[in-house]
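The values are calculated or read from the model by the stated rules, or taken from the named source; none is laboratory data. Quantities reported herein were computed from a predicted structural model and do not represent experimental measurements. In this analysis, Cβ positions are derived from the backbone assuming ideal geometry, glycine residues included, and neighbour counts consider all displayed protein chains.
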């Protein structure tokens with residue numbers, strides 16, 4: 001617990017300080033709620049740029065710490081509106097932290113998020129472990145974006161935080177920073193609607209569902225897209241007199257490259273192009289070319305070191321439209337989930353497969369869809385060109401993924417779209433609530449009380465669905481070692497019995513975790529309390545914990561010491577027929593539904 005929350009504080013604090021200092025250097029002296037996203041983007045880029053220097057992550061920790069301290073010194077006495085920002089931000093941050101802690105509270109322990117739901121964290125932990133030791137990995141060779149992994153390494157080397165706790169802390173920090181970023185759209189509202197709206201946008205249902213499966217890259221990308229759109233919005237409102245007003249958007253875009261590689265531009269690129277087109281029409285072709293050029297230069301300089309890896313990443317297996325394409329899904333995910341009202345603890349399930357009848361899903365989706373249509377109409381009337389451009393971009397990205405991609409990529413498109421959908425729904429509706437501060441907009445066509453009721457109902461329903469997804473999140477082992485994965489070449493396709501602790505099996509979702517670590521072979525898994533006197537005929541290898549000094553069964557000898565594990569091998573011949581199931585890659589990825 002201490003390691004996880006220490007990582008949350010470190011990532012959040014550094015992001016807030018560095019992000020606000022960067023915005024201040026662009027000429028804006030008041031507090032901006034885009035600081036969390038700008039700062040996180042710079043932290044990811046800085047950690048990746050320095051993690052391979054001597055010290056294997058020590059330099060990253062030092063650089064970020066010095067940058068955070070320098071940012072605080074720079075902002076001291078220069079920052080305006082800090083008190084107002086603190087009063088607006090602390091309730092959002094506190095509730096977001098409590099919501100993001102739900103998985104750990106429900107499961108009763110801290111550990112690897114998403115185990116039994118999505119085994120991908122195993123690959124990320126393996127790559128991060130090797131990065132921390134200065135070694136290569138398959139993800140590194142493939143050009144996979146490793147900015148967040150470098151942040152986990154910096155936490156490990158700088159603060160002594162375990163890799164599992166570092167990743168969990170980073171993921172929780174993103175869940176806190178996203179609602180804080182949404183405050184940029186709701187800053188002028190009264191406290192209660194402001195807090196509720198920011199939380200529902202930042203922790204939209206599909207975002208909460210991806211958090212529940214430990215998918216940190218997608219939650220970070222959703223945050224960056226939301227912030228990018230809001231940065232374009234600020235560039236034409238509060239920042240319109242600054243020559244560097246588009247640089248914060250460029251910094252966010254650069255951070256997305258180090259987090260999500262070139263696919264991040266599938267969302268950010270169209271959002272920018274559509275917005276520029278709308279602005280060009282509205283201003284008869286007159287665009288701020290010099291500020292745009294300065295931002296483009298900043299973006300190119302920041303991503304230049306990563307260009308070679310961007311080229312390598314285009315061959316990554318996920319992009320193959322002819323592959324299986326399901327990942328851990330059961331089929332196509334409904335795009336209606338992006339609307340935020342989806343009463344299921346598992347976003348992969350079809351309507352009616354859970355405790356709520358199918359009619360409940362469709363009624364909620366229909367209600368949210370009506371609000372979305374109104375939100376689009378109201379945003380168009382108020383010339384919210386940046387938000388509408390972002391919404392159009394995510395719609396195009398989903399259509400492209402659905403028609404030319406796989407269910408796995410289409411689901412990611414839904415998740416990344418969800419905060420912008422919630423923002424479009426809530427921005428005009430919250431403005432019409434009783435007690436709002438005037439924004440200079442015309443009176444809404446419908447009675448204010450009716451829209452206030454609709455807003456309250458949407459906030460309650462969407463918030464409950466997000467909480468349900470978070471409460472359903474599985475939490476796996478509290479520690480990680482690459483040793484089990486390292487045994488795969490030795491056991492190959494022979495039958496292997498893994499003897500695990502009762503706690504790992506019963507409380508930490510150990511069965512799917514072990515199956516994924518030894519995927520590709522035939523694996524039996526048993527708790528220590530369930531051992532038979534002799535292994536099943538055909539078992540060639542047995543894996544025990546490293547504190548085992550005696551053979552688990554007669555006739556077995558030590559084949560490999562791989563702390564914290566011991567690999568035992570049968571001394572004589574074994575039966576040809578294997579009693580253990582084949583753990584194929586796709587089977588391990590599917591996992592049981594919750």
Problem set entry | Matching residues, the range 230-246, being over 9 Å from residue 27 (Cα atoms), part of a loop (DSSP other than H, G, I, E, B) and in contact (Cβ under 8 Å) with a residue 12 or more places away in the chain | 236, 238, 246
Problem set entry | Residue list for the range 389-407, restricted to those being buried (at least 21 other Cβ atoms within 10 Å of the Cβ) and within 16 Å of residue 230 (Cα to Cα) | 389, 390, 391, 393, 394
Exercise. How about the range 554-572: which of its residues are under 26 Å from residue 507 (Cα atoms) and crowded, with 16+ Cβ neighbours inside 10 Å?
Worked result: 562, 565, 566, 567, 568
For this session: For the range 564-582, enumerate the residues that are in contact with a strand residue (DSSP E or B) (Cβ under 8 Å, 6 or more places away or on another chain) and modelled with pLDDT under 75.
Result: 574, 578
Seminar exercise, completed: Restricting attention to the range 445-498, the residues that are more than 23 Å from the chain's Cα centre (by Cα), surrounded by fewer than 20 Cβ atoms within 10 Å (Cβ to Cβ) and at negative phi number exactly 20
Problem set entry | From 70, 61, 7, 35, residue being under 22 Å from residue 225 (Cα atoms) and in the same structural domain as residue 211 (by TED's automatic domain parsing) | 35
Problem set entry | Residues of the range 1-12 that turn out to be over 18 Å from the mean Cα position of the chain (by Cα) and in a helix (DSSP H, G or I), as a count | 3
Problem set entry | Test result for residue 202, crowded, with 24+ Cβ neighbours inside 10 Å and modelled with pLDDT of 95 or more | yes
Exercise. Of the residues in the range 195-220, how many are within 11 Å of the chain's Cα centre (by Cα) and not in a loop (DSSP other than H, G, I, E, B)?
Worked result: 12
Exercise. Residues that are at pLDDT 90 or above and within 30 Å of residue 246 (Cα to Cα): which helices (runs of 4 or more DSSP H) entirely in the range 35-124 hold 1 or more of them?
Worked result: 35-50, 58-75, 82-100
Seminar exercise, completed: Of the residues in the range 280-328, those that are part of a loop (DSSP other than H, G, I, E, B), over 19 Å from residue 239 (Cα atoms) and at pLDDT 75 or above come to 284, 285
For this session: Taking residue 509 as meeting all but one of (1) surrounded by 15 or more Cβ atoms within 10 Å (Cβ to Cβ); (2) at negative phi, write down the number of the exception.
Result: (2)
